[in-house]
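Below: one structure, written as structure tokens.
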Amino acid sequence: MAAHLKKRVYEEFTKVVQQQQEEIATKKLRLTKPSKSAALHIDLCKATSPADALQYLLQFARKPVEAESVEGVVRILLEHYYKENDPSVRLKIASLLGLLSKTTGFSPDCIMDDAINILQNEKSHQVLAQLLDTLLAIGTKLPENQAIQMRLVDVACQHLTDTSHGVRNKCLQLLGNLGSLEKSVTKDAEGLATRDVQKIIGDYFSDQDPRVRTAAIKAMLQLHERGLKLHQTIYNQACKLLSDDYEQVRSAAVQLIWVVSQLYPESIVPIPSSNEEIRLVDDAFGKICHMVSDGSWVVRVQAAKLLGSMEQVSSHFLEQTLDKKLMSDLRRKRTAHERAKELYSSGEFSSGRKWGDDAPKEEVDTGAVNLIESGACGAFVHGLEDEMYEVRIAAVEALCMLAQSSPSFAEKCLDFLVDMFNDEIEEVRLQSIHTMRKISNNITLREDQLDTVLAVLEDSSRDIREALHELLCCTNVSTKEGIHLALVELLKNLTKYPTDRDSIWKCLKFLGSRHPTLVLPLVPELLSTHPFFDTAEPDMDDPAYIAVLVLIFNAAKTCPTMPALFSDHTFRHYAYLRDSLSHLVPALRLPGRKLVSSAVSPSIISQEDPSQQFLQQSLERVYSLQHLDPQGAQELLEFTIRDLQRLGELQSELAGVADFSATYLRCQLLLIKALQEKLWNVAAPLYLKQSDLASAAAKQIMEETYKMEFMYSGVENKQVVIIHHMRLQAKALQLIVTARTTRGCGMFLSKMYFITDLPHLQDSFVDKLLDLMPRLMTSKPAEVVKILQTTLRQSAFLHLPLPEQIHKASATIIEPAGESDNPLRFTSGLVVALDVDATLEHVQDPQNTVKVQVLYPDGQAQMIHPKPADFRNPGPGRHRLITQVYLSHTAWTEPCQVEVRLLLSYNSSARIPKCPWMEGGEVSPQVETSIEGTIPFSKPVKVYIMPKPARR
Amino acid sequence: MYGTGFGCLRWLAEGGAGQDVGRSCILVSIAGKNVMLDCGMHMGFNDDRRFPDFSYITQNGRLTDFLDCVIISHFHLDHCGALPYFSEMVGYDGPIYMTHPTQAICPILLEDYRKIAVDKKGEANFFTSQMIKDCMKKVVAVHLHQTVQVDDELEIKAYYAGHVLGAAMFQIKVGSESVVYTGDYNMTPDRHLGAAWIDKCRPNLLITESTYATTIRDSKRCRERDFLKKVHETVEHGGKVLIPVFALGRAQELCILLETFWERMNLKVPIYFSTGLTEKANHYYKLFIPWTNQKIRKTFVQRNMFEFKHIKAFDRAFADNPGPMVVFATPGMLHAGQSLQIFRKWAGNEKNMVIMPGYCVQGTVGHKILSGQRKLEMEGRQVLEVKMQVEYMSFSAHADAKGIMQLVGQAEPENVLLVHGEAKKMEFLKQKIEQELRVSCYMPANGETVTLPTSLSIPVGISLGLLKREMAQGLLPEAKKPRLLHGTLIMKDSNFRLVSSEQALKELGLAEHQLRFTCRVHLHDTRKEQETALRVYSHLKSILKEHCVQHLPDGSVTVESILIQAAAPSEDPGTKVLLVSWTYQDEELGSFLTSLLKKGLPQAPS
């Protein structure tokens, strides 16, 4: 045994030494790097033809250059530039200059003069454009140097008259990015004349080339983004561009108009061809609305999107967007919406449509009809009917945003949103359902609207149905018929799609608690009670019956008269459901029963503050740990952990914090325990057995630290540092334990890579370790172990600062439920698909981290990566995984259970920031995707399966 | 300069029940080219009035000589029904242009129509199947946005029009003059087709249909939703739904609508479609996916929407099957055929429902039940009691007034011509177009000719050298601003070129003549000639700062190429004569100088 162990450690040890050598080798490589410029020089001199030179440059561009050697490289490139006749090589050099000047740690002001110099002599338009791009890169790199900026703006202005659109484009881009913001700065800018950048850019709004016009508008938008206040005069210019022939110009112009309207919402503009005046924001709104029926769908999407963010617009204009005057044969007609409303208000609901039901009524005055409204008329009507679903989605989003800010508009747009529930594209349907949910606190659904909404419950898409359930959770229904209708439709849904059970119950829970008075008159009917006769007791396992009870019980919570209508078995069922489905059935004040929980609920709220205090106190208590003897420290830790755990159970809001700190304390406890072991005092050969405990502790601490680092959302950098520190200690412990049996320390030193990440922590393990670093590096392994051991013992307990918001990631597998006794039979060698449905809470980036693990009875484990599309995001911090897992195995004689659980994969190297040089070189993608380890974070579910042997 | 202008003729049905059944046929002459747009027939007549009167086009002489081409916008019979008659019986051998789907579906409809007319009604003097085939051989198919060169000058281009599969709008262009003909079009997308679209082509004339000139329609969604709800409810209660349709166009839209709804709602009730014509047509719908709307185009890789999963072929025996079902049957007005048979079987049950998706002509069963009649007299004195529910849903695929305005706004034409509508309604639209878009609008009656003058722009080729030289002199040419340019216009073989004068001389083999103007300016100056010249020099130098003013050693002064010499006339020593001489090219500067010198020199500082 001992010999075996020894061998193992040796193996690891030797391997590690090799790694170290590699590291040294890379360091050597680094030293050779500054000669890169020289190599380039030689290459370029060698190049016989422009094509050759271009090849060398392309090769050169693939590798990054260090900040200190950039200048040398730049000089060589410039030198070659002067000599080069071929424009394509010059172009590449110019682009390289731009790329190099972006290198972090390099100040590009030294090459600016040269760049401007070569710019003056350049003839090729393409190279000119590229050089201007380079100047832009330089200028953006030096945002605080006013003189340089002024100079660059000057250069840009000179080249604005170039005949090539590319050059003009770049000039405008430069002006937009660097144009000065304040005029006062100009005095110290070496007498360079100030230029009104806005005016210059504005002049190019009427350039002959549409690309330049677009660039001019973009430059103007750029100025705005940089904080320069645009003049109001631009508004008129931009309005003219709305009728441009080119879509990219129109699209940019719409943006510009939006920007101006946000800057000067209240200023007054005249309406052409009349004496009236309106607010600018209203005028802009009308203009953007008009663009919703533009010929190009790109512009339409743009316009529809921007409409949503114009909240200052007056309600009169806003409501016009939903208005469309119908007529037939010059006679006024009512829309279907108006008719539906009328039918509803007249008390008669849902009459069959008759021939001529929509017959036009009054005559329309021909003069008064305006076919092309200048204002906002019908913009959303058009947008929602658009051919492209992108436009429709944008329109729905805009509706949502506007409706959230204006309740009266919300009421009006309801009809249109309901209509969108029948869109041909699922995405649009889903989006409109979500929108409706967001504005649901502003609206009450009419019965006919509810009818349309409920019709969608039969949709075969699960997403749509669940979105609709969520919507029903928070809708207001106006009549008891509405509630009845909703219940009937939901039950229909339940029979058609039994998998929706949980979602439907939840939906009914909210429906009941929101409308107690409407449910009340329905109770006898729903429970099918009869005044004289006893009716048969319904089946308690029927999901539909449970659904009805959930609705009633939730309504009864705020309606004390309701329980009187219950029959005996209802009370029994209540007791049963209260126990089995406690999250759906509230506590009721029933006659003849004591109510326990209702007294508790208010007190919990008032206790919230004390519990926070309690948490703080118990954590503070731990700080005194340092001054206690080991025994006392252990006890203190033990009962603090116990307290925290209990607190987490009681207070769901504090569960994250409590768990997090408890885990940390547990680590500390383990560490103390391990160090208390007697083994340290015993001679090496004797403690082999006992060392198991210490190494197990080290291992456990490592696991716990990984959990702390990756399973909690909201962990900040300062916590990560502490966690790393703890892990380092665990590693040191591990090393000591192993080293006592063998001799070696290389492993530890190689694992100290993140030491540099850790800031200087007073009195900590790292602190001491760093002090001892020189000694560690030189001394022999045995000595190192000794040093480590003492440092470990002396190191102080670090206080863990608590983050503001911390949540533990958790997952629940809803399906498979693991209750079935019928094994899933399939032919061995083939696959069977298992539907997995799980909810994830507080998982960051679930697409990359969450995996499904299947454990077979033979110990074989399989890890499945779900597709990114399998994750849905129903709410903040919540995710839903609906995927299929394929199982396969060789034939078994008996059915057996496999375990399915969810894992959270992590990769600690992903936290290390990456190299900034990204554009030239390729990034190795495997660094990001590799999995270092996994943490199980859901309860395993057992699935009964039976692979049958294949029949021949 | 004025172009040759347009002659626009059109024929339209007089009276008749619906505007849809008129016959469309428009003749356009544009810059000397004659183009016939559509060749429709009138469904309401059974005699000669059914086809347009082609003798109107040329009194004598062959049609082929007179017409340069014929363009068919889409496959509806009121737009293409007279085509075999026109090409085979009247005699036309020139090219006929239509889109690919129209080319595919058009012969099926023509053949079907021929069968009804000849085989069922027994008409003589009608075109034969062979004639349809021969006629279709003359067809040239075009793609969307493809510019087809009919001959050296005439070119046509098709734009998407919605309406039915393969419907197109056509731009006809000769030189700088152009006409856009819309045919029938739809500005709102439906379940299987997209919306009509045209770029800002700024034609001289836009010929647009105006079927719904006075209507603004409600959104399509409500109608669709109502339709689906009705069908769904009836089927759920075990009833049967009959939807009488015409074989092509709306039928496919409704099929898609029901198919997707069935799919969405996971319904199992069978849907049937009466076979025959439709199957063939559906086949073409499957093939012409690029002509359909976004949804179908995007999803056809996974599944072609026209490969219906739930819709099966109908068999006569199915009508008696128990249980719910939905049946599409032809014809659409319930006047004969399968739809009427099924109607008679199902009319007695109040659970059942019939949905009329379109317009019904007076006298048909469809019209009767829509107007509320509950007892129908059938042939053989039978009385049929209608207990089933009767619904009306209008699904029309024409642009409404707003849509027409929108299209006019998109294309930005100089003139608009309204066709294919009722005079009274067109009057309203005409007024609106003139008022709101400020575009002049015409609405000629049948057989009336409209002539429009066009301002013709003549393209002139300019040599690059000249352009660059002129560009170098001034700043950048500003967009949309006229600018002065010196050059020589050469008109040769009916094309125009602008070249520099040197090149023109060289090309034409002419010697250059110089034209110089000389002028004498009398000055009161007592000093010597040299001094006068010097004074003139300094004066000019101070005024003409941008020009090169030189004092030559022989005593003369030059400004650019203008020579000024001072001479003393013998008779009067007190006046000096300035000889100013300039070439024709410097006329501007020369005349400026003389007027300047005539004002006299400033008093010299003594």
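The values are calculated or read from the model by the stated rules, or taken from the named source; none is laboratory data. These numbers come from a predicted model, not from an experiment. Every residue, glycine among them, receives a Cβ derived from its backbone with ideal geometry; neighbour counts consider all protein chains shown.
Things worth noting here:
- Subset tally (residues that are in contact with a strand residue (DSSP E or B) (Cβ under 9 Å, 6 or more places away or on another chain) and either crowded, with 18+ Cβ neighbours inside 10 Å or at positive phi (or both)) for region B:536-550: 4
- Residues (without any contact (Cβ under 8 Å) to a residue 40 or more places away in the chain and surrounded by fewer than 24 Cβ atoms within 10 Å (Cβ to Cβ)) located in region A:272-281: A:Pro272, A:Ser273, A:Ser274, A:Asn275, A:Glu276, A:Glu277, A:Ile278, A:Arg279
- Condition check for B:Pro357 on (1) away from every other protein chain (no Cβ under 13 Å); (2) in contact with a Phe, Trp or Tyr (Cβ under 6 Å, 6 or more places away or on another chain): one failure, at (1).
- The number of residues in region B:364-385 that are within 13 Å of chain A (Cβ to nearest Cβ) and β-branched (Val, Ile, Thr) comes to 1.
- Strands (runs of 3 or more DSSP E) completely within region B:396-478 that count 1 or more residues being of a type in the set (Phe, Trp, Tyr) and more than 9 Å from chain A (Cβ to nearest Cβ): B:440-442
- Among the residues of region A:476-522, those that are hydroxyl-bearing (Ser, Thr, Tyr) and away from chain B (no Cβ under 14 Å) comprise A:Ser478, A:Thr479, A:Ser503, A:Ser513, A:Thr517.
Condition check ((1) in a helix (DSSP H, G or I); (2) more than 27 Å from B:His192 (Cβ to Cβ); (3) among the basic types (Lys, Arg); (4) out of contact with any strand residue (DSSP E or B) (no Cβ under 6 Å at 6 or more places or on another chain)) across all residues:
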| residue | (1), (2), (3), (4) |
| --- | --- |
| A:Lys412 | yes, yes, yes, yes |
| A:Asp415 | yes, no, no, yes |
| A:Glu424 | no, no, no, yes |
| A:Gln431 | yes, no, no, yes |
| A:Asn441 | yes, yes, no, yes |
| A:Gln449 | yes, yes, no, yes |
| A:Thr452 | yes, no, no, yes |
| A:Arg465 | yes, no, yes, yes |
| A:Thr475 | no, yes, no, no |
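- Summed over region B:302-337, residues that are under 18 Å from B:Cys255 (Cβ atoms) and part of a loop (DSSP other than H, G, I, E, B) total 14.
- The residues of region B:193-220 that are facing chain A (nearest Cβ under 10 Å), under 30 Å from B:Phe343 (Cβ atoms) and buried (at least 19 other Cβ atoms within 10 Å of the Cβ), listed by number, are B:Leu193, B:Tyr212, B:Thr215, B:Arg217, B:Asp218.
- Hey, B:Pro290 surrounded by fewer than 23 Cβ atoms within 10 Å (Cβ to Cβ) and away from chain A (no Cβ under 12 Å) or not: yes
- If you go through region B:352-397 and keep only what is crowded, with 18+ Cβ neighbours inside 10 Å and of a type in the set (Asp, Glu), you end up with just B:Glu391.
- In region A:53-83, residue farthest from A:Thr103 (Cα to Cα) [restricted to those that are of a type in the set (Lys, Arg) and out of contact with any Gly (no Cβ under 7 Å at 6 or more places or on another chain)]: A:Lys83
- Region B:178-192 - residue that is away from chain A (no Cβ under 13 Å) and polar (S, T, N, Q) and, of those, nearest to A:Met388 (Cα to Cα): B:Thr182
- Candidates in region B:338-392 are the residues that are within 38 Å of the chain's Cα centre (by Cα) and in a strand (DSSP E or B); of these, the one that is modelled with the highest pLDDT is B:Ile355.
- Boolean, A:Thr161 is within 14 Å of chain B (Cβ to nearest Cβ), at pLDDT below 85 and not in a helix (DSSP H, G or I): yes
- Listed by position, the helices (runs of 4 or more DSSP H) contained in region A:511-577 that have at least 2 residues being out of contact with any strand residue (DSSP E or B) (no Cβ under 7 Å at 6 or more places or on another chain) and not assigned by the TED database to the domain that holds A:Glu489 form an empty set.
- The residue of region B:228-240 that is farthest from the other protein chains (Cβ to nearest Cβ), among those that are crowded, with 18+ Cβ neighbours inside 10 Å and either touching a Lys or Arg at 6+ places or on another chain (Cβ under 8 Å) or part of a loop (DSSP other than H, G, I, E, B) (or both), is B:Lys240.
- Enumeration of residues in region A:384-411 that are surrounded by fewer than 20 Cβ atoms within 10 Å (Cβ to Cβ) and more than 10 Å from chain B (Cβ to nearest Cβ): A:Glu397, A:Met401, A:Gln404, A:Ser405, A:Ser406, A:Pro407, A:Ser408, A:Glu411
- Cβ-Cβ under 8 Å pairs, at least 6 apart or on other chains, region A:250-267 side within 19 Å of A:Thr214 (Cα to Cα), far side surrounded by fewer than 20 Cβ atoms within 10 Å (Cβ to Cβ) and among the polar types (S, T, N, Q): A:Arg250/A:Ser243; A:Arg250/A:Ser296; A:Ser251/A:Ser296; A:Trp258/A:Ser309; A:Val260/A:Gln232
- Among (1) assigned to a helix (DSSP H, G or I); (2) aromatic (Phe, Trp, Tyr); (3) within 30 Å of B:Lys375 (Cα to Cα) - the single one B:Tyr284 does not satisfy: (3)
- Filter pass, B:Arg225 being touching a Ser or Thr at 6+ places or on another chain (Cβ under 7 Å), at the interface with chain A (Cβ under 7 Å from one of its Cβ atoms) and either in a loop (DSSP other than H, G, I, E, B) or surrounded by fewer than 21 Cβ atoms within 10 Å (Cβ to Cβ) (or both): yes
- Qualifying residue in region B:151-159 (condition: within 18 Å of B:Thr292 (Cα to Cα) and either within 13 Å of chain A (Cβ to nearest Cβ) or among the acidic types (Asp, Glu) (or both)): yes
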